[in-house]
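Just so it is clear, none of the values below were taken in a lab; they were calculated from the coordinates. Just so it is clear, the model here is predicted, and its values are computed rather than measured. In this analysis, Cβ positions are derived from the backbone assuming ideal geometry, glycine residues included, and neighbour counts consider all displayed protein chains.
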Amino acid sequence: MIEASETVARGARIRTDRSHDGDRSGRARAVIAALVAGLLAAGLVGLTSGASDASVARLIADMWSAAPLDEMVHQRDRLIIMDIRLPRVILGMLVGAALAVAGAAMQGLFRNPLADPGLVGVSSGAGLGAVSVIVLGHGALAPLTALLGILALPAAAFAGALATTWMLYRVATRRGRTSVATMLLAGLAFSALAMAMTGMLIFIADDGQLRDFTFWQLGSLAGATWQKIAVAGPVIGLSLAATGIIARGLNRLALGEAAAIHLGTNVQRLKRISIAAVSASVGTAVAASGGIGFVGIIVPHLLRLAIGPDNRYLLPASALLGAGLLVVADAFARTLAEPAELPIGIVTAIAGAPVFLWILLRQRSVVDL
Amino acid sequence: MIITGGLGVAIGQKTIIADIGIEAPAGAVTAIVGPNGSGKSTLFGAISGTLAYSGSARINGHEVARLSPAQASTMRAVLPQAMALAFPFTVREVVQLGISDAEKPRDRAGRVDEALRRVDLTGFAGRYYQELSGGEQQRVQLARVLCQVWEPKVGGQPCSLLLDEPVSSLDIRHQLAIMEVAREFAEAGGCVLVILHDLNLTAMYADLVHVLSRGQLAASGTPSEVLTDELLERVFGCRLKVGSVPPPHVPFVLPQSVRP
């Protein structure tokens, strides 16, 4: 369980400030302040990197001077930065924050550091919705694609995510009480079913559809537009705000459901808000950008090491770090294979998987969870 | 002040406890004893608001089933049997969970350290909960519970401590220390309802004893009224003799023999 040397080392580190023994709130506030600065820096990186040589500095300089040196260049820079890179950076922040906070909330709700938004069926449902539109968009679902145009795919992904979560919630709720254990197990069954149906659609898909679906699955922020932000922003923003209400309840839930009730938490309400916030924000994120893995597990994990598991700090810090990381990952995705773009899911998985393993190996001996 | 009448709990088709009428007055330590599986923890579940029940269970005159979790949490705190914690919280963070946000920072200051001192864990605030032994974890939880009902009386109304086997994994010194904390809480006007297995500690600390057997109330009264040879055999199925001392060469130690 615990190795003696580790225990001593950790004890010594925590006890540097004796008057606040075991109180990590000061450190948490400092980390959050640093994350705000980091997010701004990440945003700047996102605005300045890309296949074109458009320069933020030149754009700003041109805006201030009465007559730009070269009107053509100015207009091009403006277009690239304001209408391509900026929406992309903002959407990246929204998606990153949504995925990371959803991960932290799910881990709190399931009382397990390995829980993931996928556990409530969001990912498999969204995948099924997406593949349905890609494969059947010109066949059985033609009226839908005719009606919604390019929005048909994100709308179907969102609907799939929400429908799966809702069914899962209904299955796991009896007499007004939701069993998270049942939800976890039923989630496995639902995922298997959704994946089988996805597999069936893939089986009848042609090569072009197959390629479209594969790319959707790998995730990308390339389709970011101000319209997408106008839709995704409020949903994700509201969900993030809702997690502010549940932070204290999630802390108490770490003691177990009965203890949380004894401490005055309405546990059923807590579960409902968590599940609704997670499925709405992740459904939106997946609809906007496809499948982007690992953010929801890595970000809360790293932060728990730095500031501890108190959700009042962990949730906002996760939002900030998730947002920053995704923007940086997207900057890499755009520039690593210039002028082509890597799917961002590849970048997050390549960077995320080794970090995740490293955390596991490092933590294994300290607290066996 | 806790009073139940005709209290029953059924899980599925199975009746766990039935027709329990007990009282735990303010200013007293009330013990619940009984064999394993006699329904002690189920009774606690009903009184603490986590299990649905039939009949009546009242805290300070309020029916438990009609109290919201938030309302109930200001009237009583519950110490569960030893439990695991999901994430690496420090001891201070765990104890702080007992303090309501509604309380003024001025009232909260220093409470965690004082609570840890009362359960003899001074200097443990910076340790990880998971690093502690079972007995230490149990005392951390008690410190958290004490933080929740810090004043034994609020606005003339008693607060209640519900303790489910608070000394089950403690050494003898800490068994006595924790039972002293319970007694002080009662002497200051609070209400203490405690599940115990140790009949000697029960005799030493309880003002009132309720004995459960197979989901029914078998006896109620003061320790001397209840702890009889006849009852012990009937309830525990064990032929024991109250007040019998072993032969001179066999050592035995009673908590009552402790010197202050």
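Pull up the DSSP beta bridges for chain B and report the antiparallel fraction as a percent, rounded to 5.
55 percent
Which of the three applies to region A:49-106, rounded, prolate or oblate, going by the alpha-carbon gyration tensor with a ≥ b ≥ c and a/c under 1.5 meaning rounded? Please report the intermediate quantities before stating the final value.
Details: a/c = 4.48, a/b = 3.31, b/c = 1.35.
Prolate, because a/c is 1.5 or more and a/b exceeds b/c.
How high is the relative contact order of region A:124-250? Use alpha-carbon pairs under 8 Å, at least six apart in sequence, and give a whole percent.
It rounds to 29 percent for region A:124-250.
For B:SER100 paired with A:LEU184, estimate the spin-label separation in nm (one decimal), with each label point 7 Å from Cα along the Cα-to-Cβ line.
Going by the 7 Å Cα→Cβ label model, 3.2 nm.
Can you give the FRET efficiency for B:LYS241 and B:THR74, using 1/(1 + (r/R0)^6), R0 = 35 Å, r = Cβ-Cβ distance, to the nearest 0.05?
That pair, B:LYS241 with B:THR74, gives E of 0.20.
When you count, for each residue, the other Cβ atoms within 10 Å and take the mean per peptide, how do A:124-130, A:304-310, A:144-150, B:197-203 rank with the highest first?
So the order, starting with the most tightly packed, is A:124-130, A:304-310, B:197-203, A:144-150.
Taking square-rooted eigenvalues a ≥ b ≥ c of the alpha carbon gyration tensor, is chain A rounded, prolate or oblate, where a/c under 1.5 means rounded and, failing that, a/b exceeding b/c means prolate?
Oblate is the answer for chain A, as a/c is 1.5 or above yet b/c matches or exceeds a/b.
Over chain B, what relative contact order in percent results from Cα pairs under 8 Å that are six or more residues apart?
Averaging sequence separation for qualifying contacts and normalising by length gives 26 percent for chain B.
Using a Förster distance of 51 angstrom, determine the FRET efficiency expected from the C-beta separation of A:ALA146 and A:THR173, and round it to 0.05.
Here the calculated transfer efficiency is 0.85.
7 Å from Cα along Cα→Cβ at both A:VAL36 and A:ALA340: what's the point-to-point distance in nm?
Result for the modelled spin labels: 4.2 nm.
Provide the percentage of antiparallel DSSP beta bridges, counting only those with both residues in the protein assembly as shown; round to the nearest 5.
About 60 percent, rounded to the nearest 5.
What number, rounded to the nearest 500 deg cm²/dmol, is the helix-based mean residue ellipticity at 222 nm of chain A, given -39500 (n - 2.57) per DSSP H run of at least four residues and division by all its residues?
Theoretical 222 nm ellipticity from helices: -25000 deg cm²/dmol.
Report, in debye and to the nearest 20, how large the dipole of chain A comes out about its Cα centre when Lys and Arg carry +1 and Asp and Glu carry -1 on their Cβ.
Numbers: 29 positive and 21 negative charges, 333 e Å.
My answer is approximately 1600 debye.
Tell me, what HN-Hα J-couplings in whole Hz come from the Karplus equation 6.51 cos²θ - 1.76 cosθ + 1.60 at θ = phi - 60° for each residue of region A:133-146, using x for Gly and Pro?
3J(HN,Hα) across region A:133-146, in whole Hz: 5, 5, 7, 9, x, 9, x, 5, 9, 4, x, 5, 5, 5.
Among A:ALA130, A:GLN268, B:LEU227, which residue has its Cα furthest toward the positive end of the charge dipole of the protein assembly as shown, with +1 on Lys/Arg Cβ and -1 on Asp/Glu Cβ?
Selected residue: B:LEU227.
Of A:GLY43, A:GLY219, A:THR284, whose Cα points farthest to the positive end of the dipole of the protein assembly as shown (charges on the beta-carbon: +1 Lys, Arg; -1 Asp, Glu; origin at the Cα centre)?
Sorting the options by dipole projection puts first A:THR284.
Would you be so kind as to identify which of B:PRO69, B:LEU121, B:CYS238 lies farthest towards the positive end of the dipole of chain B, taking Lys and Arg as +1 and Asp and Glu as -1 on Cβ and the Cα centre as origin?
Of B:PRO69, B:LEU121, B:CYS238, it is B:PRO69.
If you split all Cα-Cα distances of chain B into 10 Å bins from zero, what percentages do you get per bin, shortest first?
7, 29, 35, 22, 7, 1
For A:TYR313, B:TYR129, what ranking results if the residue with the fewest other Cβ atoms within 10 Å of its Cβ goes first?
Ordered from fewest to most neighbouring Cβ atoms within 10 Å, A:TYR313, B:TYR129 come out as A:TYR313, B:TYR129.
Under the classification rounded if a/c is under 1.5, otherwise prolate if a/b is larger than b/c and oblate if not, where does region A:257-334 fall, given a ≥ b ≥ c as square roots of the Cα gyration tensor eigenvalues?
oblate
With an 8 Å cut-off on Cα pairs and a minimum separation of 6 or more residues, tell me the relative contact order of chain A in percent.
Worked out over chain A, it gives 31 percent.
With +1 on the Cβ of every Lys and Arg and -1 on the Cβ of every Asp and Glu, and nothing else charged, how large is the dipole of the protein assembly as shown about its Cα centre, in debye rounded to the nearest 20?
Dipole about the Cα centre, nearest 20: 540 debye.
For region A:302-365, give the magnitude of the charge dipole about the Cα centre (Cβ charges: +1 Lys/Arg, -1 Asp/Glu; no others), in debye to the nearest 20.
About 360 debye.
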